[in-house]
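Below is one structure, written out as C-alpha cells; the observations come after it.
The values are calculated or read from the model by the stated rules, or taken from the named source; none is laboratory data. All values reported here derive from a predicted model rather than from experimental measurement. No Cβ is skipped: glycine too gets one built from the backbone with ideal geometry, and neighbour counts run over all protein chains shown. These area figures cover heavy atoms from the full protein model, side chains too; ligands, DNA and RNA do not enter into them. Shrake-Rupley method; radii C 1.70, N 1.55, O 1.52, S 1.80 Å.
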Amino acid sequence: GAHIELQDLSKSYANLNAVEKVNLSFDAGEFVTFLGPSGSGKSTTLMMIAGFQVPSSGDIKVNGNSIIQQPVHKRNIGMVFQNYALFPHLSVAQNVAFPLEMRGVARNDIAERVKRSLAAVRLDKFGDRRPAQLSGGQQQRVALARALVFEPPVLLLDEPLGALDAKLREEMKFELKQLHQSIGATIIFVTHDQEEALTLSDRIAVFNHGKVVQYGTPEALYNQP
Ligand code: ADP
Ligand code: ADP
C-alpha cells in the first residue's frame, strides 16, 4: 500500500464548489470509505486522485510526492468506475490488458499477467467473451481485474457494488474484504450506504456539500455516547 495525502484539495465547476478544501491523510494499506449523499463530492475527489479530473487548487501526495502533474497512466493507481466502464467492443481479456498496454508492458508479460488477474477473480474461462455476455457481478469482477492487473499500491472503488442486487452485493462485500487483506493496497471506497461503510472500513470520511464533515474509525463515528 501507499501513503496518501490530500491537501486543501478543491474542485469547482463554474460557480459550484464540488469539492472544497479537503484535507485527509491515509496510512499505507488502509481501507478508507468516502461516505455521503449523492452530489457531496465523493466521485470528484476520486477522479482527481486517479487523474481524470484536474484540481482547481490543492495537492495530492502519494508517499510524499505530488502526483497532480502526472497523467492517468503514470499514476500507480487502479480505479473501478461506478458502472464498470468496460470497453464493450473489446473482449474481457483485452479490457484487462488495456492498462498494461497504456504502460508499455511487453506482450508476453501482458498475456501472463492478464491470465493471472482473471484467475484471481475466478474468470479465467471468460477471457474471450464480450462484457455484454457476462452478468453484472462478473462484469464487476472484470473491472476489478483490470484495476488490479498492474498491481497498484492504491485502488479506488467508486460505488462498485451499487449496480448489484442485494445477494450479490453481500458476496462482493465479503470478497472485497478478502481481496484487501491479500493485496495490501490502500483502498478508497465510495458509497452512500452507511452499512457498507461500517462493515468494510478502517476509517470513514463523511462528505457533505463538498466538504469532509467527519473523519474517523467506524467505532468513533457511530458509537458516540
Ligand atoms: P458524489 O460522488 O458525492 O455523488 P460528485 O463528486 O459526483 O458527487 O458531484 C459533486 C458536485 O459536482 C455535484 O453537485 C455535481 O452535480 C457536480 N459535478 C460533478 N461533475 C461535474 C461536471 N463535470 N460538471 C459540472 N458539475 C459537476
Ligand atoms: P484519454 O483521456 O487520452 O482518452 P485516458 O488516459 O483518460 O485517455 O484513458 C482512456 C480511457 O481508458 C478512460 O476513459 C478510462 O475509462 C480508461 N482507463 C484508463 N486507465 C484506466 C485504469 N487504470 N482502470 C480502468 N480504466 C482505465
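Counted as qualifying within the range 1-78 are the strands (runs of 3 or more DSSP E) with 1 or more residues that are open to solvent by 50 Å² or more (accessible area, probe 1.4 Å), namely 4-13, 16-26, 57-62. Scanning the range 89-122 for residues that are modelled with pLDDT of 95 or more and in a loop (DSSP other than H, G, I, E, B), we see that the one that is most open to solvent (accessible area, probe 1.4 Å) is His89.
Against the definition (β-branched (Val, Ile, Thr) and modelled with pLDDT of 95 or more), how does Ile67 come out, yes or no? Let's see the steps before the verdict.
Working: β-branched (Val, Ile, Thr): yes; modelled with pLDDT of 95 or more: yes.
Taking the combined requirement at face value, the residue satisfies it.
Applying the condition of being at pLDDT 90 or above, part of a loop (DSSP other than H, G, I, E, B) and more than 16 Å from ligand 1 (Cβ to nearest atom) to the range 144-183 and asking which residue is farthest from Gly41 (Cα to Cα) yields Val149. Can you tell me which residues in the range 80-110 are on the phi < 0 side of the Ramachandran plot and within 16 Å of ligand 1 (Cβ to nearest atom)? Residues satisfying the conditions are Val80, Phe81, Gln82, Asn83.
Scanning the range 199-225 for residues that are within 22 Å of His3 (Cα to Cα) and either within 14 Å of ligand 1 (Cβ to nearest atom) or in contact with a Phe, Trp or Tyr (Cβ under 8 Å, 6 or more places away or on another chain) (or both) yields Leu200, Ser201, Asp202, Arg203, Ile204, Ala205, Val206, Phe207, Lys211, Val212, Val213.
One residue stands out in the range 79-88 among those that are farther than 13 Å from Ala50 by Cβ and under 14 Å from the mean Cα position of the chain (by Cα): the one that is least open to solvent (accessible area, probe 1.4 Å), namely Tyr84.
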